Amino acid sequence: ENGAGIILSCFYQRQRGHEHALDSKASMINAVENTARWIHEQGFGHVLLEISNEYRHGGFRSWPDSEWLISAEGQAELIQKAKAANPELLVSTSGMGEGTYPDILATAADFLLIHFNNTALDEYGTKIQSLKKYGKPIVCNEDNKIGKEGAAALALTVKNGAAYGYMNINLNQSLPFEFHGTADDPEVYDMYKNVTTPGYLLKTASLEQPSITITRPNDGDVFLEGNPVEVHISHIFRDTIGKHTVVFTANGEHVEFDADLKKFTWTPENAGSYLLKVTVYNEHQEELYASAPVDIQVSAKKPD
């Protein structure tokens, strides 16, 4: 009724640990085909299909036939199965937070789904332009930047000819789920209004926001216990904020590092889940802005 389109997703990395979990490659293919047929049977002309959310996410490694599932070839096969079951359906699958999309998927998909969680603002243009050669719609359907940084991310995405998906992970994607409309993030929603208003002139100053991003590792990356993890940080327009300190944390614990370096190594002490974050404070130790959190897994070493 409101003219909205739906991107319906089949597979999410944490769909495990219950009696109805899919148990084989055959069941995954069956699920995708059944979903595609169901969309047709219901007459949903406004629904698009996303096979997997972040198809290379480490969470999928606990699934049966996971090496096939997390491969670009496996995702391309599933896209083709869905389109064979419903030829009128537009189908894709989403990549990881670094904003890239492999050739085999770009060829198979009807539209290109990228994520920008781990992408620095000064790389948006390059990442989007590199995908224009496929001649298909480009949709960033997930970016967890907020506030002025999120507004700049939205504007840069639209400016370069792609659609933008805003994700406020702390408010809209964590229990208890909350949604207060534009009050959730006035700066981002004001920019949504601006970029969809004919004749709006985007000011360069609105794009030059101090921003810090963990560009490596990506959400869902898996590492082995005891091995160092290489962390890459992009910190742009830092010279405009005056005296400041940068703090890197893993599960809320401070990790010493040289804030002037663009990359450093950190070795997790134990196996488990880790949430990595970089925060910038002013001279009064008040938070100025922070990176989007990065969720990684550290696997235990197998006994000798």
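Using 0.36 nm per residue and subtracting the Cα-Cα separation, the extra length available between E33 and Q173 on full extension is 47.6 nm. Shown here for the stretch 194-301: chymotrypsin sites (Phe, Trp or Tyr not before Pro) in loop regions (DSSP other than H, G, I, E, B) with at most 15 other Cβ atoms within 10 Å, namely Y200, F237. For K148, the accessible area of its heavy atoms, probed at 1.4 Å with every protein chain present, is near 120 square angstrom. In the elastic network of the chain, a GNM with C-alpha springs shorter than 10 Å, the most mobile of I138, I169, I70 is I169. Rounded, prolate or oblate, given the Cα gyration tensor of the stretch 163-304, with a/c below 1.5 counting as rounded? Taking the square roots of the gyration eigenvalues as a ≥ b ≥ c, the stretch 163-304 is prolate. Per residue, the chain exposes an accessible area of 52 Å² to a 1.4 Å probe, with every protein chain left in place. Here the stretch 9-112 is treated as an ellipsoid with the same Cα gyration tensor; its semi-axes, largest first and in whole Å, are 20, 18, 11.
Could you bin all the Cα-Cα distances of the chain into 20 Å bins starting at 0 and give me the percent of pairs in each, rounded to whole numbers? Cα pair-distance distribution for the chain, in percent: 30, 58, 12, 0. Size descriptor for the stretch 78-170, Kirkwood hydrodynamic radius: 13.5 Å (Cα pairs only, one decimal). For every helix of n ≥ 4 consecutive DSSP H residues, a contribution of -39,500 (n - 2.57) applies; sum these over the chain, divide by its total residues, and give [θ] at 222 nm rounded to the nearest 500 deg cm²/dmol. Rounded to the nearest 500, the figure is -7000 deg cm²/dmol. Among the GluC sites (Glu not before Pro) found in the stretch 170-239, those both in a DSSP coil and sparsely packed, with 15 or fewer other Cβ atoms within 10 Å of their Cβ, are E178, E208, E225.
So if R0 is 45 Å, what FRET efficiency would F237 and E1 give, r being the distance between their Cβ atoms, rounded to the nearest 0.05? Efficiency at R0 = 45 Å is approximately 0.60. The phi-based Karplus calculation (6.51 cos²θ - 1.76 cosθ + 1.60; θ = phi - 60°) puts the 3J(HN,Hα) values of the stretch 251-260 at 6, x, 8, 5, 10, 5, 7, 7, 5, 7 Hz, whole numbers, x for Gly and Pro.
Taking amide H as placed 1.01 Å from N in the peptide plane, Q13 has its amide H under 5 Å from the amide H of N53, each at least 5 places away in sequence or on another chain. Loop-located trypsin sites (Lys or Arg not before Pro) across the stretch 28-71 with a Cβ neighbour count of 10 or fewer within 10 Å are lacking, with loop assigned by DSSP. Using the Karplus relation 6.51 cos²θ - 1.76 cosθ + 1.60 with θ = phi - 60°, the per-residue 3J(HN,Hα) values for the stretch 109-123 come to 7, 7, 8, 9, 9, 10, 10, 10, 4, 9, 10, 6, 4, 6, 10 Hz, with x marking Gly and Pro. Considered as an equivalent ellipsoid built on the Cα gyration tensor, the stretch 115-219 has semi-axes of 21, 18, 14 Å, the largest given first.
The modelled label-to-label distance between K263 and A300, using points 7 Å beyond Cα along the C-beta direction, is 3.2 nm.
The values are calculated or read from the model by the stated rules, or taken from the named source; none is laboratory data. Treat the numbers as computed from the prediction; the structure is a model and nothing was measured. Positions of Cβ are backbone-derived with ideal geometry, glycine not excepted, and every protein chain shown enters the neighbour counts. Just the protein is used for accessible areas: all its heavy atoms, side chains included, with ligands, DNA and RNA removed. Shrake-Rupley method; radii C 1.70, N 1.55, O 1.52, S 1.80 Å.
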